[in-house]
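**Q** For reference, the structure I am asking about is given below.
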Amino acid sequence: MADPTPKPEPKESAAETEIEAPPSRRRGILIVAVVVVVIIALVVWWRSTYSEDTDDAQVTGHLIQVSARINGQVLKVDVEENQFVKAGDLIAELDPSDYKVAVENAEAALASAQANAAAANVNVPIVTINTGSNLSSARADVSGSQASVAQAEKQLDAAHARVAEARANYTKAQADLERYRPLVEKDVISKQQFDAAVAAADASKAALADAIANEQAATDAVSVALDKERQAQATQTYAETGPQQVKAQSARAKQAEAQVQQAQAQLDQAKLNLSYCKIVAPADGIITRKSVEIDQNVSAGQNLLTLVSLQDIWVTANFKETQLKHMQTGQTVEVHVDATGRKYKGRVTQIGGATGSVLSLFPPENATGNYVKVVQRLPVRIDFTDLQNEDPNHQLRPGLSVEPKVTVK
């Protein structure tokens, strides 16, 4: 009969256990290595698929060349090299003496032009009234002179009639005298009658001479009246140019007003030149390349210093052409700055219109048969989106190296 009690299995020796353990550890290590490789592959795949980065990038900003806008001598320099200034801060001052005199001259010229304009404007209604009254007076003079001419002509006609009457009387008196002469010699008539005939003949002769004189006077009076009529008509013709005279005076008034505006513009320019004696910072930034000194004579347009603006800075990143397939404006960017060790937020705003080689001073010539394809780089502009909060102390400077990472998907 068999024994129902199970027999204990033989225990494995410690040596056998130690021999079987290493394969299990190798499997664990292999699994961990495979997981690490998969993770690395996923990271590489993710980076190559969802983002593009480059180390060929730097911070870019505006380098403002501050220059004098007028000629003058430097009285004071208010900044030092590498000094931070804000927009509107005083940089240098020029001698304002000459420009103050120019302002005073312009003010005097403006006052004179304003006085001339006031006088010209006052003369417009005066000329209007005078020309109207002169025209009425001239018309009345013409009417009066025409009446005088008519009266003189009538008086001339009367003088002609009197001359004719006096000539007839003189002819009759001479005829009577010739008839009485033989009669008095024959004592047919008395001496007294003959003397009366002689006296009548002399009187008629005198009357004829007087009538002729009156006729000449009447003729002269007609000539004088005609002259006055012509003068009155000329005066009327001139008076009828009243509207043109008013227009001419109005034009002179407008010219005087234009001269006022011209004098005002000259005064504004003089004041503007005076204000240019104080040279101020156009933007927030740092002073560099300062070349202006006290007592230096500067000319208009001469550069005095360079202002590195810190208000408007961005990143210029040169990406390879193979990285631009999915890149477009508006995509978010993470910018790592070596100088600060921090990361900043940004976005793509512009993609360059040509590669760097094309925009270089001497573009490459690939017309030969020895062409070798070289991966080109295209400048991409990246603007910071929250620089006011991320860089309140203006630590970023143009020219700093950065590494942007663009999220393309």
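Laboratory data are not the source of any read-out in this text; all were calculated from the coordinates shown. These numbers were taken from a predicted model, which means no experiment stands behind them. Quick reminder, even Gly has a Cβ in these numbers, built from the backbone with ideal geometry, and neighbours come from all protein chains shown.
**Q** Most exposed first by the Cβ proxy, i.e. fewest other Cβ within 10 Å, how do Ile31, Ile91 rank? It would help to have the intermediate numbers written out before the result.
**A** On the way: Ile31 10, Ile91 22.
Result, fewest neighbours first: Ile31, Ile91.
**Q** Pop a pseudo-label 7 angstrom from the Cα along the beta-carbon direction at both Gln311 and Thr332 and give the gap in nm to one decimal.
**A** 2.9
**Q** Which value, to two decimals, describes the C-alpha radius of gyration of the chain once divided by 2.2 N^0.38 Å? Could the numbers behind the result be given before it?
**A** Values: Rg = 59.5 Å, N = 409, 2.2 N^0.38 = 21.6 Å.
Computed over Cα atoms of the chain, the ratio equals 2.75.
**Q** What angle do you read, to the nearest 10 degrees and between 0 and 90, between the alpha-carbon axis of helix 14-50 and the longest principal axis of the chain?
**A** With both axes taken from Cα atoms, the answer is about 10 degrees.
**Q** Next question. Using 0.36 nm per residue of separation minus the Cα-Cα distance, give me the extension gain between Val32 and Ala251 in nm, one decimal.
**A** On the way: separation 219, 0.36 × 219 = 78.84 nm, distance 9.99 nm.
So the chain would gain 68.8 nm between Val32 and Ala251.
**Q** Name the residues of the range 378-409 whose amide N is less than 18 Å from a point 7 angstrom out from the Cα of Leu42 along the C-beta direction?
**A** So the set is empty, nothing qualifies.
**Q** What ³J(HN,Hα) values, in whole Hz, does the Karplus curve 6.51 cos²θ - 1.76 cosθ + 1.60 give for the range 393-409 when θ = phi - 60°, with x put for Gly and Pro?
**A** So the Karplus estimates, Gly and Pro as x, are 9, 6, 7, 6, 10, x, x, 5, 7, 9, 10, x, 10, 9, 7, 9, 9 Hz.
**Q** Here's a follow-up. Note down the magnitude of the dipole of the chain about its Cα centre, charges +1 on Lys and Arg C-beta and -1 on Asp and Glu C-beta and zero elsewhere, to the nearest 20 debye. Walk me through the numbers before you get to the answer.
**A** Working: 41 positive and 50 negative charges, 173 e Å.
Taking the Cα centre of the chain as origin, the dipole is about 840 debye.
**Q** Starting at the first residue of the range 310-322, write each ³J(HN,Hα) from the Karplus equation 6.51 cos²θ - 1.76 cosθ + 1.60 with θ = phi - 60°, in whole Hz, x for Gly and Pro.
**A** Residue by residue, the range 310-322 yields 10, 8, 10, 10, 8, 10, 10, 10, 9, 8, 5, 5, 6 Hz.
**Q** Name the long-range amide H neighbours of Asn71: under 5 Å, sequence gap of 5 or more, or other chain; modelled H, no Pro or chain starts.
**A** HN-HN under 5 Å from Asn71: Ala300.
**Q** So, one more: Counting other Cβ atoms within 10 Å, keep those with at most 10, restrict to DSSP loop, and tell me which trypsin sites (Lys or Arg not before Pro) in the range 170-246 are left.
**A** On the way: sites: Lys172, Arg179, Lys186, Lys191, Lys205, Lys228, Arg230; in loops: Lys186.
Hits after loop and neighbour filter: Lys186.
**Q** Next up: Compute the helix-to-body angle for 242-275: its Cα long axis versus the longest principal axis of the chain, expressed 0 to 90° and rounded to tens.
**A** Its long axis makes an angle of about 30 degrees.
**Q** Provide the gained length on full extension for the span Val358 to Lys186, in nm with one decimal, where the gain is 0.36 nm per separating residue minus the Cα-Cα distance.
**A** On the way: separation 172, 0.36 × 172 = 61.92 nm, distance 14.99 nm.
That works out to 46.9 nm of additional length.
**Q** Another question about this same structure. Quickly work out the Ile64-to-Ala265 label distance, labels modelled 7 Å from Cα along the C-beta direction, and quote it in nm with one decimal.
**A** In this crude label model, Ala265 to Ile64 measures out at 2.9 nm.
**Q** Please give the Cα centre distance for the range 109-130 versus the range 230-260, rounded to the nearest Å.
**A** For the range 109-130 versus the range 230-260, the Cα centre distance is 14 Å.
**Q** Could you tell me which of Ile91, Gln249, Gln262 has its Cα farthest along the dipole of the chain towards the positive end, charges placed at Cβ (Lys, Arg +1; Asp, Glu -1), taken about the Cα centre?
**A** The residue sitting most towards the positive pole is Gln249.
**Q** Consider a paramagnetic label point 7 Å from the Cα of Ala111 along Cα→Cβ; state which residues of the range 262-291 have an amide N under 19 Å from it.
**A** Under 19 Å, as judged by backbone N against the label point of Ala111, lie 262-271 of the range 262-291.
**Q** Looking at the chain, which longest stretch skips every one of the GluC sites (Glu not before Pro) that is in a DSSP loop with at most 12 other Cβ atoms within 10 Å, leaving the sites themselves out?
**A** Numbers: sites that count: Glu12, Glu80, Glu81, Glu293, Glu365.
After excluding every exposed loop site, the longest remaining stretch is 82-292.
**Q** Here's something else I'd like to know. State whether the range 101-262 is rounded, prolate or oblate according to the following rule on the C-alpha gyration tensor (a ≥ b ≥ c being the square roots of its eigenvalues): a/c under 1.5 gives rounded; otherwise a/b larger than b/c gives prolate, and the remaining case gives oblate. Kindly include the intermediate steps, with their values, before the conclusion.
**A** Values: a/c = 9.29, a/b = 5.32, b/c = 1.75.
Verdict is prolate for the range 101-262.
**Q** Okay, which of the range 61-83 sit inside 20 Å, backbone N to the point 7 Å along the Cα-Cβ direction of Leu90?
**A** 66-83
**Q** For Thr349 and Glu321, what does the FRET efficiency come to when R0 = 22 Å and r is the distance between their Cβ atoms, rounded to the nearest 0.05?
**A** Rounded to the nearest 0.05, the efficiency is 0.70.
**Q** Continuing with this model, one more query. For Leu272 paired with Val198, estimate the spin-label separation in nm (one decimal), with each label point 7 Å from Cα along the Cα-to-Cβ line.
**A** It works out to 10.8 nm between the two label points.
**Q** Sticking with this one: On a 0 to 90 degree scale, rounded to 10, what angle separates helix 191-239 from the longest Cα axis of the chain?
**A** Helix 191-239 sits at roughly 0 degrees to that axis.
**Q** Fully extended, how many nm does the chain gain between Gln151 and Lys409 (0.36 nm per residue separation, minus their Cα-Cα distance)?
**A** Numbers: separation 258, 0.36 × 258 = 92.88 nm, distance 11.41 nm.
Length gained between Gln151 and Lys409: 81.5 nm.
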